[in-house]
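Below is one structure, written out as structure tokens, with a few remarks after it.
The values are calculated or read from the model by the stated rules, or taken from the named source; none is laboratory data. Small disclaimer: the values here were computed from a predicted structure and weren't measured. Here the Cβ positions follow ideal geometry from the backbone for every residue, glycine too, while neighbour counts run over all protein chains shown. Ligands, DNA and RNA are stripped out before the accessible areas are found, and what is left, the full protein with its side chains, is counted by its heavy atoms. Shrake-Rupley method; radii C 1.70, N 1.55, O 1.52, S 1.80 Å.
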Amino acid sequence: VGESDLLSPLYVNLRDEEHRRKPGPLSMQGFDLIGSMLYDTLMRLGVAYDVIAPVPDAGHAIARALQRRLTLAGKNTPLVHFEKKGEDIVLDEAVIGRLGSKARVLVLDDVISAGGSKLPVIRSLREVGVLVNDCAVCLD
């Protein structure tokens, strides 16, 4: 059984209404609430990051919500974009040059799992010399 073949008896759709493949029930206001709670939790835990790397695809709406909350706090925190190419997750080439080797990247996803979607993102970032120490998820 592969990592992503294990099914939970529960399914929570944390995608937005405009998701291109699997639209979800959450509005922008719902995501903004998630972004605010995530921001508060990361601040309380002292997680330091310069860049947010959402795991494709489910992490994007959550990352944008966190980014909006960071903007309200006066912090300009960019997102790193990845693409799914078949089974591979590939770092957007345009981003690599903008990331310094000292950039601290927060990998962000919707749910905790066996790591099958997070690990390729972390590997891609580390291959270009970026520091990845933290990964945040909304549901454990």
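Within region 42-65, track down each residue that is open to solvent by 20 Å² or more (accessible area, probe 1.4 Å) and either of a type in the set (Phe, Trp, Tyr) or part of a helix (DSSP H, G or I) (or both).
Met43, Arg44, Leu45, Tyr49, His60, Arg64
Please specify each residue of region 17-41 satisfying the condition of being of a type in the set (Ser, Thr, Tyr), closer than 20 Å to Arg104 by Cβ and open to solvent by 30 Å² or more (accessible area, probe 1.4 Å).
Residue satisfying the conditions is Thr41 alone.
In region 105-116, how many residues are assigned to a strand (DSSP E or B) and open to solvent by 40 Å² or more (accessible area, probe 1.4 Å)?
Final tally of qualifying residues: 1.
Output the qualifying pairs, or none if there are none: Cβ atoms under 6 angstrom, residues six or more apart or on different chains, first residue in region 117-137 and within 12 Å of Ala53 (Cα to Cα) and open to solvent by 40 Å² or more (accessible area, probe 1.4 Å), second residue of a type in the set (D, E, K, R) and assigned to a helix (DSSP H, G or I).
Cys135/Lys118
Which one is modelled with the lowest pLDDT, of the residues in region 87-104 that are open to solvent by 70 Å² or more (accessible area, probe 1.4 Å) and closer than 17 Å to Pro56 by Cβ?
So the residue we want is Glu93.
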